[in-house]
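The values are calculated or read from the model by the stated rules, or taken from the named source; none is laboratory data. The structure displayed is predicted, hence computed values, not measured ones. Reconstructed Cβ throughout: ideal geometry from the backbone, glycine too, with neighbour counts over all protein chains shown. Surface areas here come from the heavy atoms of the whole protein model, side chains and all, with no ligands, DNA or RNA. Shrake-Rupley method; radii C 1.70, N 1.55, O 1.52, S 1.80 Å.
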Amino acid sequence: VPEHVWRINLDTPEEAQQNLSFGAADRWWEQTDLTKLILASNKLQSLSEDVQLLPALTMLDVHDNQLTSLPSALGQLENLQKLDVSHNKLRSLPEELLQLPRLRSLLVQHNELSQLPEGLGQLLSLEELDVSNNQLTAIPTSFALLVNLVRLNLACNQLKELPADLSAMKSLRQLDCTKNYLETVPPKLATMASLEQLYLRKNKLRSLPELPSCKLLKELHAGENQIEILNAENLKQLSSLCVLELRDNKIKAVPEEITVLQKLERLDLANNDISRLPYTLGNLPQLKFLALEGNPMRTIRRDLLQKGTQELLKYLRSKIQDDGPGPNEEPPVTAMTLPSQSKVNIHAITTLKLLEYSDKQAAEIPEAVFDAVGANPVATVNFSKNQLREIPPRLVELKDSVCDLSLGFNKISSISSELCLLQKLTHLDLRNNVLTALPEEMEALKRLHTINLAFNRFKVFPSVLYHLPALETILLSNNQVGSIDPVQLKGMDKLGTLDLQNNDLLQVPPELGNCENLRSLLLEGNPFRTPRAAVLAKGTAAVLEYLRSRIPS
């Protein structure tokens, strides 16, 4: 920093020495001292102690330099209200900083701090503190004294816990703890009555925090954690919530109580394990955005999910039945209910044509599940996430109605002839099993248009697939398939999607380029040399064109 900058309050400026006709009213340098100094985005490696020659400074901005330390003279700038030292290489903050009685904003994000001064709580006027993107493992307990703090950013550090004393920050409106290692949130935090925005994304939380006194909380961001259960009681406390972001967790169910969130405008539940929704969600009056992609939804058609929030809410409202229990509720267990029946959602069978017995880790499907169907036509069967070793033989009983069958995430090693009798099947999901082959009898499934065989043990492309004329989608990624027959594939007029990622294809036959109906051909993660990754990255049309150009003439 040029010397004359530090001395700007002391030295008479050059123009005054050259022009002596300045009247008293024009002599600005005698009337005011420098209050703002901005030295941002330079290459400063240190700041001079001469900064103390500028006692009137209210703002000092040195962000985006190469500072490794700060001068202790900063402590003498008693009028300083804003200090921005972010984006430097600071390893520590000088204790003298704690002597700034008027400091309202302290920005130290993107440095190399592993700890903060223990007495930071002495900065009683502080309203904004950003210590994000450092290497902090703990927060000083004196933070509790910062009763005027409105915004606190602790994101992108290495915090394993938050001190319960934070709850004393009665003015805090925004707390950002994104990307730390938090497994819980201290219960005392629930008393922070002014809190409006809470960011807990990318931590290790297993449940939603309990926030009974946070009556003003408008935004809760808890995506990318390990939350499995949404506790109805916790939701009831968040009556002012406008934004609830829970994407990329492991949530299995959404409780009916979500409808107490009458002010909710955005609800993000993408990439969880939710298979159904309470229809009453459709009654939330303010909801403008609902994200559900990446969930194994059984009760809502895929095409409906893509039509956007308003269409989805309209559909949910149309399904609300005044008499029956909601889709998340089992029928009430009464003295008349057989114990075996209480495991089966009769309501889902009768109104949704859905037979579900998933995620039970069962070695076989209980007889009572099939008995409960009675004469009701069932269109969708979900037996995924169990320990089944074979296709349940009694599936045959549903052959006149079942169109969508999910047996993924089991231990099935072969397909029995019973499955081949389900001639109305249009969707068949067998992913994550231990299959090595498909029987030729499957040729009978003339209506099948989607089959998912990902994550099995196929070493060859199942030849029966070439004989299923209605097939539109074949998902065969993460197997050990070594070759494909382009001539037979060309005969499959309807085939639009072929996913062969992560297999053992040593070469891609150029004739595959003639399959011009393919809109999505996925080949990444195979050991072949050509087409090269750069060609694959251009998308299906480019790959097919490249392959056609290599067909020997």
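Segment residue 470..residue 493, full-extension length gain: 7.5 nm, with 0.36 nm per residue of separation and the alpha-carbon distance subtracted. In order along segment 346-361, phi translates into HN-Hα couplings of 4, 4, 5, 5, 7, 9, 9, 6, 10, 10, 10, 8, 10, 6, 10, 6 Hz, rounded to whole numbers, per the Karplus curve 6.51 cos²θ - 1.76 cosθ + 1.60 with θ = phi - 60° and x for Gly and Pro.
Report the calculated FRET efficiency for residue 387 and residue 549 (r = Cβ-Cβ distance, R0 = 45 Å), to the nearest 0.05.
0.40
Taking every DSSP bridge with both residues inside segment 443-553, close to 0 percent are antiparallel. Taking every DSSP bridge with both residues inside the chain, close to 0 percent are antiparallel.
Which entry in (1) 17, 34, 29, 15, 4, 0; (2) 18, 47, 27, 8, 0; (3) 18, 49, 30, 2, 0 matches P(r) over Cα pairs in 20 Å bins from 0, in percent derived from the coordinates of this structure? Looking at P(r) over Cα pairs in 20 Å bins from 0, in percent for this model, the match is (1). Here the spin labels are modelled as points 7 Å beyond Cα on the Cα-Cβ line, and at residue 191 and residue 58 they lie 3.6 nm apart. Other residues whose C-beta falls under 12 angstrom from the C-beta of residue 75 contribute a net charge of -4, scoring Lys and Arg +1 and Asp and Glu -1.
Our estimate of slack between residue 213 and residue 240, defined as 0.36 nm per intervening residue step minus the Cα-Cα distance, is 8.6 nm. Residue 530 versus residue 160, label points 7 Å from Cα toward the beta carbon: distance in nm? According to this spin-label approximation, the distance is 5.5 nm.
Going by average Cβ neighbours within 10 Å, how do the peptides 439-446, 254-261, 400-407 rank, with the highest at the top?
Ranking the peptides 439-446, 254-261, 400-407 by packing returns 400-407, 254-261, 439-446.
Please go through the residue pairs 160/218; 263/314; 288/360; 218/385; 236/360; 236/307 and name each one whose alpha carbons sit more than 27 Å apart in this structure.
Details: 160/218 25 Å; 263/314 18 Å; 288/360 35 Å; 218/385 36 Å; 236/360 29 Å; 236/307 30 Å.
Result: 288/360; 218/385; 236/360; 236/307 exceed 27 Å.
Let me know the charge dipole size of the chain about its Cα centre in debye, to the nearest 20, where only the beta-carbon of Lys, Arg (+1) and Asp, Glu (-1) is charged. Don't jump to the answer; show the numbers that get you there.
Values: 58 positive and 67 negative charges, 302 e Å.
The dipole of the chain has a size of about 1460 debye.
A straight Cα-to-Cα reach below 13 Å connects residue 490 with the aspartates and glutamates 472, 511, 516, residues fewer than 8 places away in its own chain not being considered. Accessible surface computed residue by residue for the chain, with neighbouring protein chains in place and a 1.4 Å probe, gives 48 Å² per residue. Using the Karplus relation 6.51 cos²θ - 1.76 cosθ + 1.60 with θ = phi - 60°, the per-residue 3J(HN,Hα) values for segment 519-526 come to 9, 9, 10, 10, 10, 4, x, 10 Hz, with x marking Gly and Pro. Note on residue 68 and residue 440: with the Förster distance fixed at 51 Å, the Cβ-Cβ geometry gives a FRET efficiency of about 0.10.
With a Förster radius of 41 Å applied to the beta-carbon distance between residue 273 and residue 148, the computed FRET efficiency rounds to 0.45. The alpha-carbon of residue 252 sits under 12 angstrom from the alpha-carbons of these aspartates and glutamates, leaving out residues fewer than 8 places away in its chain: 228, 273, 359.
Taking 0.36 nm per residue of separation and subtracting the Cα-Cα distance, what length does fully extending residue 262 through residue 418 add? All intermediate terms of the calculation are to be shown ahead of the outcome.
Details: separation 156, 0.36 × 156 = 56.16 nm, distance 4.87 nm.
Difference between extended and current length: 51.3 nm.
Karplus-derived 3J(HN,Hα) values for segment 540-553, using 6.51 cos²θ - 1.76 cosθ + 1.60 with θ = phi - 60°, are 4, 4, 5, 5, 4, 5, 4, 5, 4, 5, 9, 5, x, 8 Hz; glycine and proline are entered as x. Express the carbon and sulfur contribution to the solvent-accessible surface of segment 497-552 as a percent, rounded to the nearest whole number, probe 1.4 angstrom. So the carbon and sulfur contribution to the accessible surface is 47 percent. Considering only alpha-carbon pairs that sit under 8 angstrom and 6 or more positions apart, the relative contact order computed for segment 348-481 is 17 percent.
Partners of residue 43 within straight-line reach, counting lysines whose Cα lies under 24 Å from its Cα and excluding those fewer than 8 residues away in the same chain: 82, 89.
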